Structures are given as structure tokens and as C-alpha cells.
Amino acid sequence: MKIKWAVLGSAGIARRRTIPEGIAKASNAELTAVFDANLDANTKLAAQFGAVACASEAELLATDADAVYIATPAWLHCGQVLRAAAAGKHVFCEKPLGMTVAEGAQMLQASADAGVRLGTGFMMRYHAQHQAALRLVREGRLGTPVLGRAQLSCWYPPIAGAWRQNPEEGGGGSLMDLGGHCIDLLEMFFGPARSVLCITGNLVQEYASEDTAVVLLEFASGAKGVVDCLFNVPDASSRNRLELYGSLGSILAEGTIGQGELGSMTAHLEDGAGEYAAQQERGADGGFSISPAPVNMYRAEVEAFSKALLEGAAPPISGEDGCWSQKVLAACYESARTGARVVVE
């Protein structure tokens, strides 16, 4: 049995990634209907994948789809989730879950009231190397978690009509768009953030949203975190690094954070803490490579959400997860505004 998926906002990330790599190739999902304000692009995509090209959101919600994937600009998310839930559709929504914490809570409540499930699109959790690293952390191989760093940057110059460059439409800039994924990843490894200290700015790009953001985090475990996300570094110059440090070693990755399924990851892990070595020699040991078979993250998230619907289970990345992310990001923006450390509650 397959879950019937409909897509609101078919011309962006849905067209580039989620439909061709995820829904179209998932073993337990099928694409049935699509709608986008760009009607020409929507018609072409529908023809390519054998779906119904709807002329409006209302027409799409009237189809027999089981689930609606929302991949529109952030400012549209709340209303669309509310209407999809009212139509009896399960919803898989790209992050951010609305523009504010209040909108996220409203979306979650509407889904609960309608008896439908709400999932959030944090696809980077499904990266095969991230999952392999998570197993090592959970097995205690890293020892006591000490510090995590997640870095994601790109070159994003001013583009007319780009909603991510307008905080009224995207909720923020590099922090909201890139930092949300990075913070979520570190929380997957080290548990929920408890406080944040954040600075943002516009150093290169001249638009209303920030092009620079750095966040210091403290997790419930006591471990610390650093997230740096930039819209002002050339793509080829940004290595998108993930670094996890603990009392028994480190797990270091390059290129695993992002939209692709590849990258390199190396673990340097020891059996015990050992004695103090005054020379502090690093040696030539290169650790060991963590290189499981690649997993397409978009297919994985579609299959995971579809599986939950088929089994009547909670989505593995839920609406609650999306609401929590909004709370952490709101705390980051408050910290950037006030210059003070903010507790996440």
C-alpha cells in the first residue's frame, strides 16, 4: 500500500529534490497532485511525474490525497497547514514551522484537533553518516559529550523577490534558513538546547535579512555547541563542517551538512582517557573512516513519514520537533537583539 502525496509549492525544493528524489522513488508513496503559483512550471512537473496539475490550493485539497507536502515560502506555512488539516489531510511541512512560535503552536493544535499527523522536514537527520555518528554517540564511544560545531554557508546575493532575504516572508535569513538545520543536528547528537547566545549581522549582502549568524549553545547535558551559518561565502569555499568532541575523542565531517548525500567523516576514538601527556603529541593516526552506504535524505524522510501514516504511528520528526526548533530560533533572535544569553523554555 502507498500513501498518496499532494504537493503545495511544487516549483522550488519540491521540484529540485523532494519530488524526483523522494516521493517519486519512495517505496511506499506516490505523487497524485501538485499546485504552485507558477502554473506553467506546475503543469510541466505534473506531466513529467504523472500527477494532476491543480489550478488552486482548494482544488488540491479536494483530491483524494492522504498527505500534503508543503514546500512554499515560510510565510504561507501556517495558513496552508491549517487548511490542509481542516480538509482531513496529514501534513508534512518544510521547516520553519510557521513564522513564529505562536504559529507553530497553532499548526500543531489544528492538526491534533483534526486528528491528522504533522511532520517537519529536517532531512539532514537521515544522512547515513549522521546516523552512523549518532550510533557511536549513543553507544558511549565519544565519551562525555563536550562540544559540537555545525557550519553551513552559501553564496546568496540579492535576488528580486527572494523571500529568504525578507524577514517578513522568511522569518529571518541565514540563521532561520541554514541555522535551523544545524541546531537541529546538534540537538540530535547532544539533546535539547537549554540556552543560547547569538550574534547576527549583514557584512556583505544588502538585504533586510541577516547574512551572518553565529550561535553559542548550551545543551541540557552540559555540552556546548557552536553554529555558524552565512549567506556571504562562495559555495566552493564553504566546507560545511560537522565536529563532535567528547572525553574519548572526536567525530569530524566535511560536506555531510547540506542537501547532498555524500561527504567525508572520520572518527578519532580512544578506549580510555589515559594519562596527561606533557608533549601533547598528535601523532599520525588518521582515525577511521565512517562511510556507510549513502542514503538519499529526501527519499528517507518521505518513506519515514509514509510508514508512520501506514502504521498509525507518530512521525519520526514531528510537529512538536518543528515547534521546538522555532522556540530555539526565537531565543537566538532575541539574544541577537538584546546581546544577552537567553534560556530556551
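Bear in mind that the values in this text are calculations on the coordinates, not laboratory data. Quantities reported herein were computed from a predicted structural model and do not represent experimental measurements. Neighbour counts are summed over all protein chains in view; Cβ atoms, including those assigned to glycine, are modelled from backbone coordinates with ideal geometry.
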Check: Binned at 5 Å from 0, what are the whole-percent values of the Cα-Cα distance distribution for the stretch 33-190, short to long?
Finding: 1, 8, 14, 16, 16, 16, 14, 8, 4, 2, 1, 0
Next item on the list: Based on other C-beta atoms within 10 Å, arrange 64, 321 from fewest to most.
Entry: 64, 321
Checklist line | Amide H within-cut-off set for residue 195, under 5 Å, with H built and near neighbours excluded | finding: 218, 344
Next item on the list: Quick one: dipole size for the chain, taken about the Cα centre, charges +1 on Lys/Arg Cβ and -1 on Asp/Glu Cβ, in debye to the nearest 20.
Entry: 340
Check: Of 35, 288, 92, how do they rank once you tally other Cβ atoms within 10 Å and put the fewest first?
Finding: 288, 35, 92
Next item on the list: Report relative contact order for the chain in percent, whole number only (criteria: Cα-Cα under 8 Å, sequence separation at least 6).
Entry: 20
Checklist line | Debye log10 I(q)/I(0) for the chain, one point scatterer per Cα, at q = 0.07, 0.08, 0.12 Å⁻¹ | finding: -0.30, -0.39, -0.87
Item checked: Dipole of the stretch 298-341, positive direction: furthest Cα of 300, 319, 340, with charges on the beta-carbon -> 340
Checklist line | Rounded Å value of the spacing that divides the Cα centres of the stretch 24-70 and the stretch 191-241 | finding: 35
Checklist line | Debye intensity ratio in log₁₀ form over the Cα atoms of the stretch 3-99, taken at each q of 0.25 Å⁻¹ | finding: -1.45
Notebook entry, point to check: Out of 287, 263, 201, any idea which swings most in a Gaussian network model of the chain, alpha carbons joined below 10 Å?
Noted result: 287
Margin query: Using only alpha-carbon positions, what ratio does the radius of gyration of the stretch 189-345 give when scaled by 2.2 N^0.38 Å?
Written below: 1.27
Checklist line | Mean residue ellipticity (222 nm) of the chain, computed from DSSP H runs ≥ 4 via -39,500 (n - 2.57), nearest 500 | finding: -9500 deg cm²/dmol
Note to self: Given the C-alpha atoms of the stretch 32-85, compute the convex hull and give its volume per residue in Å³.
What the structure shows: 75
Checklist line | Fluctuation leader among 114, 150, 236 - the chain, Gaussian network, Cα springs under 10 angstrom | finding: 236
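Once you list every other residue whose beta carbon is under 11 Å from the beta carbon of residue 74, what net charge do they have if Lys and Arg are +1 and Asp and Glu are -1?
-3
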Check: Which helices of the chain meet both criteria: a Cα extent of 18 Å or more along the helical axis and a mean Kyte-Doolittle score no lower than 0.0, with helices taken as whole DSSP H segments?
Finding: 74-86, 101-114, 297-311
Next item on the list: Collect residues whose amide H, placed 1.01 Å from N in the peptide plane, falls under 5 Å from the amide H of residue 7; neighbours closer than 5 in sequence don't count.
Entry: 33, 34, 35, 69
Notebook entry, point to check: Within the set 2/327; 89/307; 224/327; 307/327; 4/327, which residue pairs have Cα atoms separated by over 25 Å?
Noted result: 2/327; 307/327; 4/327
